[in-house]
């Protein structure tokens, strides 16, 4: 028997609801999570008259202790329960979990803890870390196979309405400013966080400022994190190393100088992978927003 989580799912980025360093959490041991909705739209189960459980589609493999997940909040959705329960109220023999029913709070968060109480990195889980919180991932009575059957949206703050997107890639992009659009949920789609990006940008900025005009340096693009040159924090470079799909290239720095044929300060990016131009532009804007970005073959 597993557990079906039913309701409205929201990733609420209001820092009073979800701490800035807890938007992504490790799944933890003794459970898997199967998402059966396309994060950003409605449930993937077809027409209202169909069997909600039987028609649910799973866009990604189940997430286990080697994965991370968004720290979603599940809200009560009583207006939808008759529709999805009509043909299979038992959901294939699984136990139905609904916020506000029984002893469950409304909303029900994936994780209610902090970095001091709960793991955010699968490597912490591998070393024995577990969730010590009142969220889904910390409840001993919710271990085993979890099935997330929820309309899921992204809410940036209390003054904005939830924004819906047609595919996971768009959701990833909307949540954390231009992350990879082809990484499945659970595979670190959102690393690095804002604090990581700023730390990486500081090292990049120092390397650019030290470079002479016309100097070239290697770059590595891992997710949306762009590493220029050397001197980066070991934790960041190690995390980038294990990211699937990371790419390498070169970059030449041209500082503004009146005595050269092209006097405008610019970055020349060499061997940029197709489709990564915008990610690189955004990353370089964190380094020197006043520099033009030129891509060469």
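The values are calculated or read from the model by the stated rules, or taken from the named source; none is laboratory data. Quick caveat, the model's predicted, so the values are computed rather than measured. Methodologically, a virtual Cβ is constructed for each residue, glycine included, from the backbone with ideal geometry; neighbour enumeration extends over all protein chains shown.
Would you pick out the residues in segment 267-297 that are surrounded by 18 or more Cβ atoms within 10 Å (Cβ to Cβ) and modelled with pLDDT under 90?
272, 276, 279, 280, 283
Pick from segment 234-255 the residues that are surrounded by fewer than 13 Cβ atoms within 10 Å (Cβ to Cβ) and assigned to a loop (DSSP other than H, G, I, E, B): which of them is farthest from the chain's Cα centre (by Cα)?
Restricting to residues being surrounded by fewer than 13 Cβ atoms within 10 Å (Cβ to Cβ) and assigned to a loop (DSSP other than H, G, I, E, B), the top hit is 242.
Is it fair to say residue 264 is modelled with pLDDT under 75 and within 21 Å of residue 209 (Cα to Cα)?
It is true that residue 264 is modelled with pLDDT under 75 and within 21 Å of residue 209 (Cα to Cα).
Would you check if residue 88 is out of contact with any strand residue (DSSP E or B) (no Cβ under 6 Å at 6 or more places or on another chain), farther than 14 Å from residue 9 by Cβ and at pLDDT below 55?
Working: out of contact with any strand residue (DSSP E or B) (no Cβ under 6 Å at 6 or more places or on another chain): yes; farther than 14 Å from residue 9 by Cβ: yes; at pLDDT below 55: yes.
It is true that residue 88 is out of contact with any strand residue (DSSP E or B) (no Cβ under 6 Å at 6 or more places or on another chain), farther than 14 Å from residue 9 by Cβ and at pLDDT below 55.
Would you be able to say whether some residue in segment 140-156 is closer than 20 Å to residue 19 by Cβ, in a loop (DSSP other than H, G, I, E, B) and modelled with pLDDT under 85?
Yes: segment 140-156 contains one or more residues that are closer than 20 Å to residue 19 by Cβ, in a loop (DSSP other than H, G, I, E, B) and modelled with pLDDT under 85.
When segment 97-117 is examined, which residues are found to be closer than 20 Å to residue 23 by Cβ and outside any loop (DSSP other than H, G, I, E, B)?
108, 109
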